[in-house]
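Undergrad: Please read through the structure below; I'll follow up with questions.
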Amino acid sequence: MNHQAGSAGLLDASPATLSFFEETIAGLSKSPRQLPCKFFYDERGAKLFQQICELPEYYITRTELQILRQHSAAMAAALGPRIELIGLGTGAGTKTRILLEELSEPAVYIPIDISKEQLERSTARFREVFPRLQILPVCADYLERLDLPLPRRPSSRSVVYFPGSTIGNFEPDTATEFLRRLAELCGDGGGLLIGVDLHKDRRVIEAAYNDNRGVTAAFNLNLLARANGELGADFDLEHWHHRAIYDPIKGRIEMYVISGANQTVRIRDRQFDFVAGERILTEYSYKHTPEGFAALARKAGFQFETIWSDPARWFGVFYFTVAS
Ligand code: AVJ
């Protein structure tokens, strides 16, 4: 990790190239082969993800936004005045902005994101929109242990905001572990506002991850392009394809890059042989039921307070407090 204060006072704990290399080698050596989804978000990946969010098939973003627009006042009332808001993976910040506009005198906003470019851009924009709000950006992999910067003003409570159903990337046990760490992070009296994608017809879900324009395919294959550019790998992008499959038993989307031929990929001094049709798992995206997710959070030490949802119940924004 490289701890540096950047131009905008950004706390930089972004993972180094070394870990990308090591995790790529480790993941490709596993059986079945896999690559960690957190590496999707380089500059190009973050842009492609933005495009995914605007796709007609990708209901997640627009449904969550609709819920926020409709219920942000109620959410702000539940969270209370003068809070410290910690944003996890808040990206361009569209959702956080809707929430911040309703919050009563927030003490500080601490956005934590793995994409440094995006974090710098969104912080600059937020400083224009909320000139009196202290903003302390942290570029970090929030899966690692975090040291948060110290705010100028005292706050009534810390609330973690984790939008976008990114929690869906975690397998249930890991999700519980992760939520337990969030409960520690926000401490006694703390809260968690979290966006979670819910179970629905599998056709709706599969379409969202296999869009017609191929943006999700480009996003998925960008992981290989990134390995080529940053690690000197030689993935031939002509011979790799994207596919997302829903597993109704596990309740999750599985994203793969699939080898279109028998081929060998070299990464520095390593070599990996693939047969035609062989897959590399790049991402899980779990879908939850409201009851199932509340139970998962309870195991992590959170008490369920409220869920805000859309009329079709495709998506849920949950509010939990740290159980005393
Ligand atoms: C950012 C994890 C919520 O799982 O829907 C979108 C990532 N991958 N399309 C999701 C993603 C392919 C997204 N999350």
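Undergrad: Run GLY229 past the list (1) open to solvent by 10 Å² or more (accessible area, probe 1.4 Å); (2) touching a strand residue (DSSP E or B) at 6+ places or on another chain (Cβ under 9 Å) and report the number of the one that doesn't hold.
TA: Going through (1) open to solvent by 10 Å² or more (accessible area, probe 1.4 Å); (2) touching a strand residue (DSSP E or B) at 6+ places or on another chain (Cβ under 9 Å) one by one, GLY229 breaks only (2).
Undergrad: Moving on to the next point. How about segment 168-210: which of its residues are crowded, with 21+ Cβ neighbours inside 10 Å and of a type in the set (Phe, Trp, Tyr)?
TA: Passing the criteria: only TYR209.
Undergrad: Starting from segment 58-73, keep only residues that are within 17 Å of SER104 (Cα to Cα) and away from the ligand (no atom under 13 Å from the Cβ), then list their pairs with residues that are part of a helix (DSSP H, G or I) and open to solvent by less than 10 Å² (accessible area, probe 1.4 Å) whose Cβ atoms are within a distance under 7 Å, requiring at least 6 positions of separation or different chains.
TA: Note: pairs meeting the criteria are LEU68/LEU99; SER72/LEU99.
Undergrad: Please go through segment 20-62 and give me each residue that is among the hydrophobic types (A, V, I, L, M, F, W, C) and more than 21 Å from PRO163 (Cα to Cα), ordered by number.
TA: Correct list: PHE20, PHE21, ILE25, ALA26, LEU28, LEU35.
Undergrad: Taking into account only those residues within segment 43-79 that are of a type in the set (Gly, Ala, Ser) and surrounded by fewer than 15 Cβ atoms within 10 Å (Cβ to Cβ), which is farthest from LEU133 (Cα to Cα)? Please lay out each step first, then the result.
TA: We begin by selecting, within segment 43-79, every residue of a type in the set (Gly, Ala, Ser); these are 45-46, 72-74, 76-78.
Those left that are additionally surrounded by fewer than 15 Cβ atoms within 10 Å (Cβ to Cβ): 73-74, 77.
Working: ALA73: 19, ALA74: 21, ALA77: 19 Å.
Among those residues, the one meeting the criterion is ALA74.
Undergrad: Out of everything in segment 237-287 that is over 15 Å from ALA217 (Cα atoms) and of a type in the set (Asp, Glu), what residue ends up being nearest to the ligand (Cβ to nearest atom)?
TA: Among them, the one singled out is ASP247.
Undergrad: I've got another one for you. Does any residue of segment 292-300 turn out to be part of a strand (DSSP E or B) and among the charged types (D, E, K, R)?
TA: no
Undergrad: How many residues are outside any helix (DSSP H, G or I) and within 13 Å of the ligand (Cβ to nearest atom) if we restrict to segment 158-170?
TA: If we filter segment 158-170 for residues that are outside any helix (DSSP H, G or I), which is where we start, we get 158-165, 170.
This time we only want the ones that are within 13 Å of the ligand (Cβ to nearest atom), so: 162-165, 170.
Summing the residues that are outside any helix (DSSP H, G or I) and within 13 Å of the ligand (Cβ to nearest atom) in segment 158-170 gives 5.
Undergrad: Ok, one more. Quick one: how many residues across segment 28-42 are crowded, with 16+ Cβ neighbours inside 10 Å, of a type outside the set (A, V, I, L, M) and either within 15 Å of the ligand (Cβ to nearest atom) or without any contact (Cβ under 8 Å) to a residue 24 or more places away in the chain (or both)?
TA: 8
Undergrad: For GLU184, work out the one condition from (1) touching an Asp or Glu at 6+ places or on another chain (Cβ under 8 Å); (2) more than 12 Å from the ligand (Cβ to nearest atom); (3) assigned to a helix (DSSP H, G or I) it doesn't fulfil.
TA: Result: GLU184 fails condition (1) only.
Undergrad: If you check GLY214 against the conditions, is it on the phi > 0 side of the Ramachandran plot, at pLDDT 95 or above and within 16 Å of the ligand (Cβ to nearest atom)? Spell out the reasoning first.
TA: On the way: on the phi > 0 side of the Ramachandran plot: yes; at pLDDT 95 or above: yes; within 16 Å of the ligand (Cβ to nearest atom): yes.
Judged against the criteria, GLY214 is a match.
Undergrad: Pairs under 9 Å by beta carbon, first residue closer than 20 Å to ASP42 by Cα and open to solvent by less than 30 Å² (accessible area, probe 1.4 Å) in segment 123-152, partner of a type in the set (Lys, Arg) and not in a strand (DSSP E or B), six or more apart or different chains?
TA: What qualifies is CYS139/LYS116; ASP141/LYS38.
Undergrad: Could you count how many residues in segment 97-118 are within 14 Å of the chain's Cα centre (by Cα) and either closer than 19 Å to PRO81 by Cα or open to solvent by less than 30 Å² (accessible area, probe 1.4 Å) (or both)?
TA: Going through segment 97-118 one residue at a time, the tally reaches 5.
Table: residues versus (1) among the charged types (D, E, K, R); (2) at pLDDT 95 or above; (3) within 16 Å of the ligand (Cβ to nearest atom).
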| position | (1), (2), (3) |
| --- | --- |
| GLU54 | yes, yes, yes |
| GLY91 | no, no, yes |
| THR96 | no, yes, yes |
| LEU119 | no, no, yes |
| GLN134 | no, yes, no |
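The values are calculated or read from the model by the stated rules, or taken from the named source; none is laboratory data. These numbers come from a predicted model, not from an experiment. So basically every Cβ, Gly included, is an ideal-geometry build from the backbone, and we count neighbours across all protein chains shown. These accessible areas exclude ligands, DNA and RNA; they are computed on the full protein's heavy atoms, side chains included. Shrake-Rupley method; radii C 1.70, N 1.55, O 1.52, S 1.80 Å.
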